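The next block holds one structure in the form of structure tokens; read it before the comments.
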Amino acid sequence: MVIYFVRHGRVENLRGEKYGRRPGFPLSIEGRIEAERAAQSLAGQGIEVVFSSPLLRTSETAQIIQKVLGMPLIFDQRLLEYDDGQETLEDSGRRVFEFLNEVKSRELYKTIAVVSHETPMAVAGTQISRLPSADYVKFCLLPAGIMKLEI
């Protein structure tokens, strides 16, 4: 199964707060533009479904992508941001990796997009690539960045 990981676009955060899993924090105007560009980059890649974290910044990014691609959009809690203090980095990546394996095991899709957050996607990237989780920085994406992997 081919996976296009997409990090959410830039967030409206005028106070510079650490937002993590906190509700709110919509995309900024720049973030919406980034999400549109990501969506255009994904067009024609054969994506059959878009999965997303339910947090506002990811859901807005995913909705923009879904609108351009015209594919179903499914939200899943396992794609949430890393929960600092409640889980390890490895746990966050494992959560995403297990989600991907579950989707793959259903054999419904050959190509998917996953809109989520930097840390859990990066750590999952190390697990997919069979690298140590300490190498997760190699998989970090810029806002609305895209990474293609195969599992």
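Summary table below
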| quantity | calculated |
| --- | --- |
| Residue check for GLU98: within 28 Å of ALA134 (Cα to Cα), at pLDDT below 95, assigned to a helix (DSSP H, G or I) and not aliphatic (A, V, I, L, M) | no |
| Pick from the range 51-64, criterion of a type in the set (Val, Ile, Thr) and within 10 Å of the chain's Cα centre (by Cα), ranking: nearest to GLY31 (Cα to Cα) | THR61 |
| Of all residues making up the range 118-136, the number that are within 22 Å of ARG21 (Cα to Cα) and either more than 15 Å from the chain's Cα centre (by Cα) or part of a strand (DSSP E or B) (or both) | 1 |
| Residues within the range 97-139 that are hydroxyl-bearing (Ser, Thr, Tyr) and more than 20 Å from TYR82 (Cβ to Cβ), tallied | 3 |
| Restricting the range 15-33 to residues that are charged (D, E, K, R) and over 11 Å from PRO143 (Cα atoms), the residue that is nearest to the chain's Cα centre (by Cα) | ARG21 |
| Single unsatisfied condition, PHE51 versus (1) of a type outside the set (Val, Ile, Thr); (2) closer than 19 Å to ARG10 by Cβ; (3) modelled with pLDDT of 95 or more | (2) |
| Residues within the range 109-144 that are aliphatic (A, V, I, L, M), farther than 17 Å from SER53 by Cβ and touching a residue at least 12 places away in the same chain (Cβ under 8 Å), tallied | 3 |
| Criterion violated by GLN127 - all others in (1) among the polar types (S, T, N, Q); (2) surrounded by 18 or more Cβ atoms within 10 Å (Cβ to Cβ); (3) under 15 Å from ILE47 (Cβ atoms) satisfied | (3) |
| Scope the range 71-88; condition hydroxyl-bearing (Ser, Thr, Tyr) and surrounded by fewer than 16 Cβ atoms within 10 Å (Cβ to Cβ); matching residues | THR88 |
| Identity of the residue in the range 1-44, at pLDDT 95 or above and in a loop (DSSP other than H, G, I, E, B), that ends up surrounded by the fewest Cβ atoms within 10 Å (Cβ to Cβ) | GLY44 |
| Condition broken by ILE65, with the remaining ones in (1) surrounded by 15 or more Cβ atoms within 10 Å (Cβ to Cβ); (2) part of a loop (DSSP other than H, G, I, E, B) satisfied | (2) |
| TYR82 vs. criteria outside any loop (DSSP other than H, G, I, E, B) and either closer than 20 Å to HIS8 by Cα or under 12 Å from the mean Cα position of the chain (by Cα) (or both) | no |
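So that you can scan it fast, the table gives a plain yes or no per residue for (1) surrounded by fewer than 17 Cβ atoms within 10 Å (Cβ to Cβ); (2) under 18 Å from VAL137 (Cα atoms); (3) among the charged types (D, E, K, R); (4) modelled with pLDDT under 95:
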position: GLY46; (1), (2), (3), (4): yes, no, no, no
position: GLU60; (1), (2), (3), (4): no, no, yes, no
position: LEU69; (1), (2), (3), (4): no, no, no, no
position: GLU90; (1), (2), (3), (4): yes, yes, yes, yes
position: ALA113; (1), (2), (3), (4): no, no, no, no
position: ALA122; (1), (2), (3), (4): no, yes, no, no
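The values are calculated or read from the model by the stated rules, or taken from the named source; none is laboratory data. Keep in mind that what you see is a predicted model, and the values were worked out from it rather than measured. Quick reminder, even Gly has a Cβ in these numbers, built from the backbone with ideal geometry, and neighbours come from all protein chains shown.
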